[in-house]
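The values are calculated or read from the model by the stated rules, or taken from the named source; none is laboratory data. Worth saying up front: this structure is predicted, and the values here are computed from it rather than measured. Because the Cβ atoms are built from the backbone with ideal geometry, glycine has one as well, and the counts that use them run over all protein chains shown. The protein model used for the area step is the full one, side chains on, heavy atoms only, and it has no ligands, DNA or RNA in it. Shrake-Rupley method; radii C 1.70, N 1.55, O 1.52, S 1.80 Å.
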Amino acid sequence: MDAKKVAQYGLITALALVLSWAESLLPPLGAPGVKLGLPNLAIVFALYRLGWKDACAVSLVRVVLVALLFGNGAALAYSIAGAALSLSLMGLLKKTGKFSSIGVSVAGGVAHNAGQILVAMVLLETARLAWYLPVLWVSGTVAGVLIGIVAGVLVERVP
(Lines give C-alpha, C1' and ligand atoms only; values in the text may rest on other atoms or scores of the structure.)
Protein backbone atom coordinates (compact mmCIF):
# COMPACT_ATOMS: atom_id res chain seq x y z
CA MET A 1 0.00 0.00 0.00
CA ASP A 2 1.42 3.39 -0.93
CA ALA A 3 1.87 6.33 1.43
CA LYS A 4 -0.99 8.31 -0.11
CA LYS A 5 -3.47 5.50 0.57
CA VAL A 6 -2.23 5.09 4.15
CA ALA A 7 -2.62 8.83 4.68
CA GLN A 8 -6.19 8.73 3.31
CA TYR A 9 -7.10 5.85 5.63
CA GLY A 10 -5.57 7.67 8.56
CA LEU A 11 -7.33 10.94 7.87
CA ILE A 12 -10.74 9.38 7.30
CA THR A 13 -10.38 7.15 10.37
CA ALA A 14 -9.28 10.13 12.48
CA LEU A 15 -12.25 12.13 11.20
CA ALA A 16 -14.63 9.28 12.07
CA LEU A 17 -13.08 9.04 15.53
CA VAL A 18 -13.39 12.78 16.14
CA LEU A 19 -16.99 12.75 14.92
CA SER A 20 -17.71 9.84 17.29
CA TRP A 21 -16.23 11.78 20.18
CA ALA A 22 -18.15 14.94 19.27
CA GLU A 23 -21.38 12.97 19.03
CA SER A 24 -20.75 11.41 22.44
CA LEU A 25 -20.81 14.91 23.92
CA LEU A 26 -24.29 15.61 22.57
CA PRO A 27 -27.41 14.60 24.50
CA PRO A 28 -29.86 12.19 22.82
CA LEU A 29 -32.08 14.02 20.36
CA GLY A 30 -35.62 13.73 21.66
CA ALA A 31 -35.57 10.05 22.65
CA PRO A 32 -33.06 7.62 24.18
CA GLY A 33 -30.52 6.36 21.68
CA VAL A 34 -31.39 8.92 19.01
CA LYS A 35 -28.23 10.46 17.56
CA LEU A 36 -27.20 12.24 14.38
CA GLY A 37 -24.87 9.47 13.24
CA LEU A 38 -22.02 11.89 12.64
CA PRO A 39 -19.36 9.15 12.25
CA ASN A 40 -21.39 7.80 9.32
CA LEU A 41 -20.37 10.92 7.42
CA ALA A 42 -16.78 9.64 7.28
CA ILE A 43 -17.92 6.11 6.47
CA VAL A 44 -20.19 7.17 3.59
CA PHE A 45 -17.36 9.35 2.28
CA ALA A 46 -14.97 6.37 2.50
CA LEU A 47 -17.51 4.14 0.75
CA TYR A 48 -17.69 6.51 -2.22
CA ARG A 49 -14.06 7.61 -2.26
CA LEU A 50 -12.20 4.41 -1.33
CA GLY A 51 -14.68 1.58 -1.95
CA TRP A 52 -16.61 -0.92 0.17
CA LYS A 53 -13.71 -3.01 1.51
CA ASP A 54 -11.77 0.07 2.54
CA ALA A 55 -14.86 1.64 4.14
CA CYS A 56 -15.29 -1.60 6.11
CA ALA A 57 -11.69 -1.38 7.33
CA VAL A 58 -12.09 2.26 8.36
CA SER A 59 -15.38 1.47 10.09
CA LEU A 60 -13.96 -1.51 11.97
CA VAL A 61 -10.96 0.48 13.20
CA ARG A 62 -13.27 3.31 14.27
CA VAL A 63 -15.65 0.99 16.12
CA VAL A 64 -12.84 -0.74 18.00
CA LEU A 65 -11.10 2.53 18.90
CA VAL A 66 -14.34 4.15 20.07
CA ALA A 67 -15.14 1.13 22.24
CA LEU A 68 -11.65 1.20 23.75
CA LEU A 69 -11.61 4.96 24.30
CA PHE A 70 -15.21 5.78 25.22
CA GLY A 71 -17.15 2.55 25.71
CA ASN A 72 -17.01 -1.03 26.85
CA GLY A 73 -17.61 -4.57 25.59
CA ALA A 74 -21.35 -4.08 25.29
CA ALA A 75 -20.83 -0.88 23.31
CA LEU A 76 -18.51 -2.81 21.00
CA ALA A 77 -21.15 -5.51 20.39
CA TYR A 78 -23.82 -2.93 19.57
CA SER A 79 -21.50 -0.90 17.35
CA ILE A 80 -20.15 -3.87 15.41
CA ALA A 81 -23.65 -5.19 14.74
CA GLY A 82 -24.91 -1.80 13.62
CA ALA A 83 -21.84 -1.09 11.49
CA ALA A 84 -21.84 -4.53 9.83
CA LEU A 85 -25.51 -4.38 8.89
CA SER A 86 -25.23 -0.75 7.83
CA LEU A 87 -22.15 -1.22 5.65
CA SER A 88 -23.53 -4.37 4.06
CA LEU A 89 -26.71 -2.63 2.98
CA MET A 90 -24.96 0.60 1.95
CA GLY A 91 -22.47 -1.38 -0.15
CA LEU A 92 -25.22 -3.30 -1.90
CA LEU A 93 -27.28 -0.19 -2.63
CA LYS A 94 -24.28 1.78 -3.88
CA LYS A 95 -23.29 -1.12 -6.13
CA THR A 96 -26.68 -1.02 -7.89
CA GLY A 97 -26.02 2.55 -9.00
CA LYS A 98 -29.70 3.35 -8.41
CA PHE A 99 -29.29 5.25 -5.14
CA SER A 100 -27.72 8.60 -4.36
CA SER A 101 -25.50 9.16 -1.35
CA ILE A 102 -28.68 10.27 0.43
CA GLY A 103 -30.50 6.99 -0.20
CA VAL A 104 -27.42 4.97 0.71
CA SER A 105 -26.96 6.98 3.91
CA VAL A 106 -30.63 6.63 4.92
CA ALA A 107 -30.45 2.86 4.43
CA GLY A 108 -27.26 2.79 6.47
CA GLY A 109 -28.79 4.77 9.33
CA VAL A 110 -31.89 2.61 9.48
CA ALA A 111 -29.88 -0.62 9.21
CA HIS A 112 -27.49 0.54 11.93
CA ASN A 113 -30.40 1.09 14.30
CA ALA A 114 -31.90 -2.28 13.42
CA GLY A 115 -28.59 -4.02 14.09
CA GLN A 116 -28.29 -2.42 17.49
CA ILE A 117 -31.85 -3.33 18.47
CA LEU A 118 -31.26 -6.93 17.35
CA VAL A 119 -28.20 -7.16 19.60
CA ALA A 120 -30.16 -5.66 22.48
CA MET A 121 -32.93 -8.20 21.94
CA VAL A 122 -30.41 -11.05 22.06
CA LEU A 123 -28.46 -9.74 25.05
CA LEU A 124 -31.56 -8.88 27.05
CA GLU A 125 -33.41 -11.99 25.84
CA THR A 126 -36.56 -10.17 24.87
CA ALA A 127 -38.29 -9.35 21.61
CA ARG A 128 -40.21 -6.55 23.30
CA LEU A 129 -37.57 -4.03 22.26
CA ALA A 130 -38.85 -4.23 18.68
CA TRP A 131 -41.52 -1.66 19.59
CA TYR A 132 -38.73 0.95 19.60
CA LEU A 133 -37.69 0.29 16.00
CA PRO A 134 -40.13 2.78 14.43
CA VAL A 135 -38.71 5.59 16.59
CA LEU A 136 -35.17 4.70 15.56
CA TRP A 137 -36.14 4.25 11.91
CA VAL A 138 -37.65 7.72 11.76
CA SER A 139 -34.60 9.23 13.43
CA GLY A 140 -32.28 7.14 11.24
CA THR A 141 -34.07 8.38 8.14
CA VAL A 142 -33.83 12.03 9.14
CA ALA A 143 -30.18 11.71 10.18
CA GLY A 144 -29.43 9.66 7.06
CA VAL A 145 -30.79 12.40 4.80
CA LEU A 146 -28.65 15.04 6.51
CA ILE A 147 -25.51 12.90 6.52
CA GLY A 148 -26.14 11.81 2.91
CA ILE A 149 -26.43 15.41 1.71
CA VAL A 150 -23.20 16.46 3.42
CA ALA A 151 -21.37 13.30 2.29
CA GLY A 152 -22.51 13.86 -1.30
CA VAL A 153 -21.17 17.41 -1.26
CA LEU A 154 -17.87 16.23 0.24
CA VAL A 155 -17.47 13.45 -2.33
CA GLU A 156 -17.97 15.99 -5.12
CA ARG A 157 -15.68 18.66 -3.69
CA VAL A 158 -12.89 16.83 -1.87
CA PRO A 159 -10.33 15.31 -4.24
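Annotation: S79 fulfils all but one of (1) small (G, A, S); (2) under 21 Å from L25 (Cβ atoms); (3) over 16 Å from the mean Cα position of the chain (by Cα); the unmet one is (3). Counted as qualifying within the stretch 1-99 are the helices (runs of 4 or more DSSP H) with 2 or more residues that are open to solvent by 80 Å² or more (accessible area, probe 1.4 Å), namely 3-25, 52-70, 73-96.
Output yes when any residue across the stretch 23-41 is modelled with pLDDT of 95 or more and small (G, A, S), and no when none is. Within the stretch 23-41, not a single residue is modelled with pLDDT of 95 or more and small (G, A, S).
The C-beta contact set for the stretch 100-117 (first residue open to solvent by less than 20 Å² (accessible area, probe 1.4 Å), second residue of a type in the set (D, E, K, R) and assigned to a helix (DSSP H, G or I), distance under 7 angstrom, 6+ apart or interchain) comprises V104/K94.
Mind checking which residues of the stretch 121-143 are among the small types (G, A, S) and more than 18 Å from P28 (Cα to Cα)?
A127, A130
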